[in-house]
Amino acid sequence: MATHPLIEKFQRAGQGQVFAFHDRGSADEQRRLLEDAAEIDLEEVARLTRTLLAKNAGGAVDLSGLAPAPYEKHPAHGGDAVAWSAAKAAGEVALRAGRVAAFTVAGGQGTRLGYDGPKGTFPVTPLKQKTLFQVFAEKILAAGRRYGRPLHWFIMTSHANHAATEAFFAGQDFFGLDRARVHFFRQGRMPAVDFSGKIILEAKCSLALSPDGHGGSLRALERSGALDLMAREGIDTLSYFQVDNPLVRCIDPAFIGWHVLRRSELSSKMVTKAYAEEKVGVFCVQHGKVVVLEYSDLPMTLQRETDAGGQLRYLAGNIAIHVLDREFVRRMARGGEGVALPFHRADKKIPTVDAAGALVKPEKANGVKFELFVFDALPFAKHPLVVETLRRDDFSPVKNADGVDSPQTCRDDQLRQFARWLDANGAVVQTDASGLPSAAVEVSPLFGYDEDSFAEAWKSRTPKPRVESGLYLE
Ligand code: UTP
């Protein structure tokens, strides 16, 4: 019997091991394996093997010409309050004109949290145990009402969680959003390879494929037709955030306004690093381009370097909140001469099969996954912009099951935010020195989703409720 042309192609590329057990699979398994294999760009895998797996790959990081990136200071840290008001007004104009959509990247595997199900379905709020998706949905719904233009919301999923994510939204009646404005699309996948570049099987007839990183969102937006849909709807600005951070202002008029006024193609929020060794990427400039340097690539001497005033020099931490221009995304997705996000290599323990086809759970890293990072688009953007925010207003992710960035720290940060809003508007709130209230309270985003909307809603609430455990404002 003639060999399938795709199998031949893999054999010619030295990847014939992918089909080692093909003949023994059921018709269904054989079909699926061929479908998955057809997705793989063998030339890309060969190139990544040459560049990222070679013995001398990953040598010293180029630090030439590196300097801290300039950024727009927050008014609380001496930023120009008048310029910030102008930015906010410009953002509000863009929102009223319907130019903005929300965009969540939710295709990650969430291995550190170890939760069974799409991460967006994880419950996070202190009283009502609302899920991450519900928190974002209500913020987006409320912002749409505030600006008189219901927002479109794009949600990037993975092959593994796409169906479950869609079913979850359907089961919750889309949290009151217009379902015609909620758009799910799948990100791409990349094969895992062993240290010699051979594509790994996770089972006899199944490839080890994983999502291609949040940077895969740029090409997935294009491929899925999302950019065309945006163009038809008059949307040119995407408010990008991660699925694990319920504190994020999904729609932040000042940030959007800065982006619009500066004609930026890619804007990023930053927070000042809490301490020198904090494990966040840092915004830098290098040879006239804005770049994010991962903490692991920034030598400790630079991480600890301070200026004359004793402040860290490299202090602009990346918190993965961006605003993207639609046509910039298209340009990046289409690529071309010198325009491409670089892949990063992550060494992982990848379950696989041995020569006899028996399942093997490796004790140590046995292969490599390749991922794209969205911030690598920065050097390609025109007029890139970094804007400061305060951590307490925008950032408390759920990454780990316990310890830092866990459900507990995130719950406490939400409580602190609610307490701060109440206190700023004259309510009596008992807190400890860290601002954590003694009463467990919760504010629905439909009541107030940021300082402004909260202040307005609180003003018109009569009589004012007492702040005590169980208080839920909606
Ligand atoms: P993380 O870097 O926290 O990765 O993703 P993760 O896969 O969710 O979690 P771990 O590392 O396995 O524990 C940051 C954000 O980027 C999204 C995630 O869903 C999250 O919102 N992401 C990450 C994608 O959408 N696709 C990817 O391929 C990777």
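General remarks:
- Residue within the range 440-450 that is in a loop (DSSP other than H, G, I, E, B), within 20 Å of Arg146 (Cα to Cα) and of a type in the set (Ser, Thr, Tyr) present: yes
- Any hit, the range 452-471, residues being aromatic (Phe, Trp, Tyr), within 16 Å of the ligand (Cβ to nearest atom) and surrounded by 14 or more Cβ atoms within 10 Å (Cβ to Cβ): no
- Just one residue in the set Ala137, Ala87 is touching a His at 6+ places or on another chain (Cβ under 9 Å) and away from the ligand (no atom under 13 Å from the Cβ); that residue is Ala87.
- Pick from the range 118-169, criterion over 17 Å from the mean Cα position of the chain (by Cα) and aromatic (Phe, Trp, Tyr), ranking: nearest to Ser239 (Cα to Cα): Tyr147
- Answer from Thr121, Thr125 - the residue that is crowded, with 16+ Cβ neighbours inside 10 Å, among the polar types (S, T, N, Q), touching a residue at least 24 places away in the same chain (Cβ under 8 Å) and in contact with an Asp or Glu (Cβ under 9 Å, 6 or more places away or on another chain): Thr125
- Candidate set from the range 148-174 (those that are among the hydrophobic types (A, V, I, L, M, F, W, C), buried (at least 19 other Cβ atoms within 10 Å of the Cβ) and away from the ligand (no atom under 11 Å from the Cβ)); member that is farthest from Ala231 (Cα to Cα): Phe169
- For the range 371-390, the set of residues classified as surrounded by fewer than 21 Cβ atoms within 10 Å (Cβ to Cβ) and farther than 17 Å from Ser267 by Cα consists of Glu371 only.
- Where Thr51 falls short, out of the listed (1) touching a Phe, Trp or Tyr at 6+ places or on another chain (Cβ under 9 Å); (2) exposed (fewer than 13 other Cβ atoms within 10 Å of the Cβ); (3) of a type in the set (Val, Ile, Thr): (2)
- Residue within the range 412-420 that is surrounded by fewer than 17 Cβ atoms within 10 Å (Cβ to Cβ), under 29 Å from the mean Cα position of the chain (by Cα) and not acidic (Asp, Glu) present: no
- Within the range 363-409, being among the hydrophobic types (A, V, I, L, M, F, W, C), within 23 Å of Ser444 (Cα to Cα) and within 13 Å of the ligand (Cβ to nearest atom) holds for Phe395, Val398.
- Close Cβ contacts (under 7 Å, 6 or more residues apart or on different chains) running from residues in the range 235-257 that are modelled with pLDDT under 95 to residues that are aromatic (Phe, Trp, Tyr) and more than 10 Å from the ligand (Cβ to nearest atom) are absent.
- When Val93, Val105 are checked against the criterion of being within 16 Å of the ligand (Cβ to nearest atom) and at pLDDT 95 or above, Val105 stands alone in meeting it.
- Some residue of the range 303-319 being in a loop (DSSP other than H, G, I, E, B), of a type in the set (S, T, N, Q) and at pLDDT below 95: yes
- Test result for Val291, in contact (Cβ under 8 Å) with a residue 12 or more places away in the chain and either buried (at least 21 other Cβ atoms within 10 Å of the Cβ) or aromatic (Phe, Trp, Tyr) (or both): no
- Test result for Arg326, within 27 Å of Ala69 (Cα to Cα), within 18 Å of the chain's Cα centre (by Cα) and surrounded by 13 or more Cβ atoms within 10 Å (Cβ to Cβ): yes
- For the range 230-245, the set of residues classified as within 16 Å of the ligand (Cβ to nearest atom), assigned to a strand (DSSP E or B) and not small (Gly, Ala, Ser) consists of Leu238, Tyr240, Phe241, Gln242, listed by residue number.
- Checking Glu474, Glu442 one by one, the residue that is among the charged types (D, E, K, R), in contact with a Ser or Thr (Cβ under 8 Å, 6 or more places away or on another chain) and surrounded by 15 or more Cβ atoms within 10 Å (Cβ to Cβ) is Glu442 and no other.
- Selection within the range 22-34: residues that are in contact with a helix residue (DSSP H, G or I) (Cβ under 9 Å, 6 or more places away or on another chain) and surrounded by 14 or more Cβ atoms within 10 Å (Cβ to Cβ). The member of this set that is farthest from Lys204 (Cα to Cα) is Leu34.
- Taking first residues from the range 262-281 that are at positive phi and partners that are part of a strand (DSSP E or B), the Cβ contacts under 9 Å between residues at least 6 apart in sequence or on separate chains come to Arg263/Asp325.
- Qualifying residue in the range 38-48 (condition: under 16 Å from Ile199 (Cα atoms), touching a residue at least 40 places away in the same chain (Cβ under 8 Å) and among the acidic types (Asp, Glu)): yes
- Candidate set: the range 189-226, residues that are among the acidic types (Asp, Glu) and part of a strand (DSSP E or B); chosen: the one farthest from the ligand (Cβ to nearest atom): Asp194
- Residue check, Glu166 among the acidic types (Asp, Glu) and more than 24 Å from Pro123 (Cβ to Cβ): no
The values are calculated or read from the model by the stated rules, or taken from the named source; none is laboratory data. Nothing here was measured: the structure is a model prediction, and the numbers come from that model. Note that we place each Cβ from the backbone using ideal geometry, even for glycine, and neighbour counts take in every protein chain shown.
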